[in-house]
Amino acid sequence: MNHLSPFGYVYGLAMRVRNRLYDRGFLRVHSLGARTISIGNLTTGGTGKTPLVALTAEIMAESGAKVCILTRGYGRARPRERVVVSDGQTVLADAETGGDEPVELAKRLLGKAVVVADADRVAAARWAREKFGITAFVLDDGFQHRRAKRDLDIVCIDATNPCGNGRLLPVGTLRESFNGLGRADAIVLTRANLVDTTDEIVARLRKRNPTAPIFKAHIHIARLVGLGDLLAGRAGTGGKEAGAFFAFCGLGNSASFPRQLKADGFKVSGHKQFRDHHRYTQADVEVIERESKEAGAAALVTTAKDAVKLAGLRFEMPVFVAIAEVRIDKEVEFRELIANTAG
C-alpha cells in the first residue's frame, strides 16, 4: 500500500464534506457581479484547458462583452499578490510575476480580454469591474473554486488520459472524485482527435452526468512561430520546413505534446519532458540542446506556455513555438451556449 494512501482518503473525505456544505448553502457563494463562465477540470492540469479558455473569452468578446479572465496564476513568485497580467491592450507581467498560463493567455487575447491573477477571485472581480468596466468573467481553472458563483460550469476531460491515475491527491492527480461531474453544465472532451474512439469515455461520463451536453475538442498545431518573434509580440510564421524537431515542454500531460506534433505532420526525432510549470535555466538549455543533437534534430520546438519562461536564455539552435488552436465538433451549439451565457 502506498504510504500516502491514508492522506488521499482524508483529502477525498474533506472534499466531499466541503461540496455538501456548498450544495446545502452552509458555505456562501459570492456573485461576481457579472456573467461568469468557469472552465476547469477534475485533475491537476494537463487537460488542454488553456486553448478552450482562450476560445471562450474570444466568443464572449465577439458577443459584445468586456471580458476579464480571473486566474490564480499557479507557480508565480508571489501568489498572494494581485497582478494585472494584461489590461487588454498590453501584457504587463512576465511568467515569474504573473504565471506561465496567464501570460500565455494575455499574449493570445490582446484586444479581447483583461487577465488578472489573484487567489481571491471574488475580490479581484469586484476590483476589475470598477477598474476596467468588466461585464463578463471567465474563471480559469474554476471548477473547485466554488466560492465564486458562475452561470455556466464547463469541465474539461482529456480523452488521452480521462481519469489521471484514478486516485485522489496527494496519491494521484484527481482533485475530486468523478461524482463531481454531476455539477457540470457542459463537458468538453479535449484531445479527442488523438484517440481512436471516444465512445467508452462518453458512456462513462454519461453515468456521472446524464444531461450536460458533451462536446469533443480537437486540438491542432495551427502554426509555428520563432521564439524571438513570440516574445517580442511579432506574428512570425514558418518553421515547419526546418526538418526534424526536438520537442521539450513542462505540462501536466507532457507526453501529449510530441504526440500532437506527430499527429499534425511534424517530424519529431526526440523529446524531453519537465515537470508542470517548470522554470527553465541555462543549464536546462544545455541539456536540451545536447540531447537534441544526439537525436539528430535540426531545430527545437516547445509550447506557448513554456516559451514565456525562456526570455533571457541563450540557444544555439533555432527554437520554434507551437501555437495550438481548438476546434469544437458542435461548434455552432458551443458558441451559442457561450454567447447566450455572456449576454
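The values are calculated or read from the model by the stated rules, or taken from the named source; none is laboratory data. Since this is a predicted model, take the numbers as computed values, not measurements. Cβ coordinates were reconstructed from backbone atoms using ideal geometry, including for glycine residues, and neighbour counts include every protein chain displayed. Areas reflect the complete protein model, heavy atoms only, side chains present, ligands, DNA and RNA absent. Shrake-Rupley method; radii C 1.70, N 1.55, O 1.52, S 1.80 Å.
Tabulated results
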read-out: Integer Hz, Karplus 6.51/-1.76/1.60 couplings in order for the stretch 327-338, x for Gly and Pro; value: 10, 9, 5, 9, 5, 4, 4, 5, 4, 5, 4, 5
read-out: Acute angle (nearest 10 degrees) that the helix 282-294 long axis makes with the longest principal axis of the chain, alpha-carbon atoms; value: 60
read-out: Charge dipole (the chain, unit charges on Cβ, about Cα centre) - positive-most of G99, I219, G166; value: G166
read-out: Dipole moment magnitude, nearest 20 debye, the chain about Cα centre, only Lys, Arg, Asp, Glu C-beta charged; value: 1160
read-out: Residue-span extension gain [A339 to A244] - 0.36 nm each, minus C-alpha spacing; value: 30.1 nm
read-out: Calculated SAXS-style log₁₀ I(q)/I(0) at q = 0.11, 0.14 Å⁻¹ - the stretch 113-252, Debye, Cα scatterers; value: -0.63, -0.95
read-out: Per-q log10 I(q)/I(0), the stretch 224-343, q = 0.15 Å⁻¹ (Debye; single scatterer per alpha-carbon; no solvent); value: -0.68
read-out: Cα centroid separation, the stretch 30-68 to the stretch 99-164 (Å); value: 5
read-out: Residue of R290, R24, R183 that the Gaussian network model of the chain assigns the largest fluctuation, springs spanning Cα pairs under 10 Å; value: R24
read-out: Apportionment of accessible area to carbon and sulfur, the stretch 148-232, percent (1.4 Å); value: 47
read-out: Given K66/K149; K305/K330; K112/K267; K216/K305, the pairs whose alpha carbons are separated by over 25 Å; value: K305/K330; K112/K267
read-out: Intensity falloff of the stretch 1-54 expressed as log10 I(q)/I(0), Debye formula with alpha-carbon point scatterers, at q = 0.14 Å⁻¹; value: -0.66
read-out: Amide N proximity, the stretch 137-167 versus L27 label position 7 Å along Cα-to-Cβ, cut-off under 17 Å; value: 141-150
read-out: Positive-end residue of A136, G45, S86, charge dipole of the chain with Cβ unit charges; value: A136
read-out: Distance between the stretch 310-340 and the stretch 252-275 - C-alpha centres, whole angstrom; value: 15
read-out: Relative contact order (%) - criterion: Cα under 8 Å, at least six apart; region: the chain; value: 20
read-out: Calculated P(r) of the chain - Cα pairs past 31 Å, %; value: 33
read-out: Nearest 10 degrees, 0 to 90: helix 199-208 Cα axis against the chain principal axis; value: 30
read-out: Max mean-square fluctuation residue, GNM over the chain, Cα-Cα springs under 10 Å, options D120, D94, D23; value: D23
read-out: Nearest 10 degrees, 0 to 90: helix 121-132 Cα axis against the chain principal axis; value: 80
read-out: Whether the stretch 84-136 is rounded, prolate or oblate, judged on the alpha carbon gyration tensor where a/c under 1.5 counts as rounded; value: oblate
read-out: If the convex hull is drawn through the Cα atoms of the stretch 1-154, its volume per residue in Å³; value: 119
read-out: Point-charge dipole on Cβ atoms (K/R +1, D/E -1) for the stretch 44-195, about Cα centre, debye to 20; value: 380
read-out: Mean Cβ count within 10 Å, highest first, over the residues of peptides 199-206, 297-304; value: 297-304, 199-206
read-out: Per-selection Kirkwood Rh - the stretch 77-193 (Cα, Å, 1 d.p.); value: 16.0
read-out: For the chain, calculated [θ]222 nm from helices alone, where every DSSP H run of n ≥ 4 adds -39500 (n - 2.57); value: -9500 deg cm²/dmol
read-out: Cα-centred dipole magnitude for the stretch 229-343, charges only on beta-carbon of K, R (+1) and D, E (-1), debye, nearest 20; value: 140
read-out: Candidates K293, K149, K309: whichever shows maximal mean-square fluctuation once the chain is modelled as a Gaussian network with Cα springs under 10 Å; value: K293
